[in-house]
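Read the structure below first, then the notes.
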Amino acid sequence: MGWKAAEKLVRHWKILRGDNVMIIRGKDKGESGLIKRVIRSQNRVIVEGKNLVKKHIKQGEGHTGGIFSIEAPLHVSNVQVLDPVTGKPCKIGYKYLEDGTKVRFARGMNASGAVIPRPEILKERRKPRPTSPGPKDTPIELALEKTYDANAGIGMPDL
């Protein structure tokens, strides 16, 4: 179960982290759950509590060993987003509303055509922005210093 890059990557991802999906192929076929993680380099997704496999972990410093159940990745073609109105799996399309906003909607057979909202979890950052400046950041005093004045000719390049 090593890492393997996908031969042909999905260019336009329509399934996002936090989406409610149904598994359409595999040992958990017909079950639904939330997407926990999207692995774009492998065209795979991890669904919460589904596709569980046993993992043997050796004991080391700070943790105990044993046999644990973990969620294995599923290929993105084996899951479909659930229609928010009918609760059935559907394809996803994109369209623009009258006010100009781009939205996802349910399309395909037996689909309601309802708008599928973006998951709320996407508003949170996985890695928080750094609060203190790092060693390669420019100090604020230097960034705010005025180095070009068109009227006085200061800072003009010699052409």
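The values are calculated or read from the model by the stated rules, or taken from the named source; none is laboratory data. All of these numbers come straight from a predicted model, not from anything done at the bench. We place every Cβ from the backbone using ideal geometry, glycine too, and count neighbours over all the protein chains shown. Protein only, heavy atoms only, side chains kept; ligands, DNA and RNA dropped before computing areas. Shrake-Rupley method; radii C 1.70, N 1.55, O 1.52, S 1.80 Å.
Data for the structure
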item	result
Accessible-area ranking of Ile92, Ile140, largest first, probe 1.4 Å	Ile140, Ile92
Cα-centred dipole magnitude for segment 34-87, charges only on beta-carbon of K, R (+1) and D, E (-1), debye, nearest 20	180
Accessible area of Leu97 in the full protein assembly, 1.4 Å probe (Å², nearest 10)	70
Debye intensity ratio I(q)/I(0), log10, the chain, q values 0.15, 0.20 Å⁻¹ (C-alpha model)	-0.93, -1.32
Length gained when the stretch Ile154-His56 is fully extended (0.36 nm per residue, less Cα-Cα span)	28.5 nm
Theoretical ellipticity at 222 nm over the chain - DSSP helices of four or more residues, -39500 (n - 2.57) apiece, nearest 500	-500 deg cm²/dmol
Simple Cβ-charge dipole of the chain, Lys/Arg +1 and Asp/Glu -1, about Cα centre, in debye nearest 20	1080
Sulfur and carbon atoms: percent of accessible area, the chain [1.4 Å]	53
Qualifying trypsin sites (Lys or Arg not before Pro) for segment 95-156 [loop in DSSP, other Cβ within 10 Å: at most 16]	Arg125, Arg126, Lys136, Lys146
Selection of chymotrypsin sites (Phe, Trp or Tyr not before Pro), segment 1-81, meeting DSSP coil and at most 15 other Cβ within 10 Å	Trp3, Trp13
Gain upon complete extension [His63, Ile140; 0.36 nm per residue less C-alpha separation]	23.3 nm
Cα centroid separation - segment 73-95 against segment 3-21, whole Å	12
Accessible-area ranking of His75, His56, largest first, probe 1.4 Å	His56, His75
Å² of accessible area per residue within the chain, as computed with a 1.4 Å probe and no ligands counted	79
Volume per residue that the Cα convex hull of segment 100-159 spans, once the total is divided by residue count, Å³	275
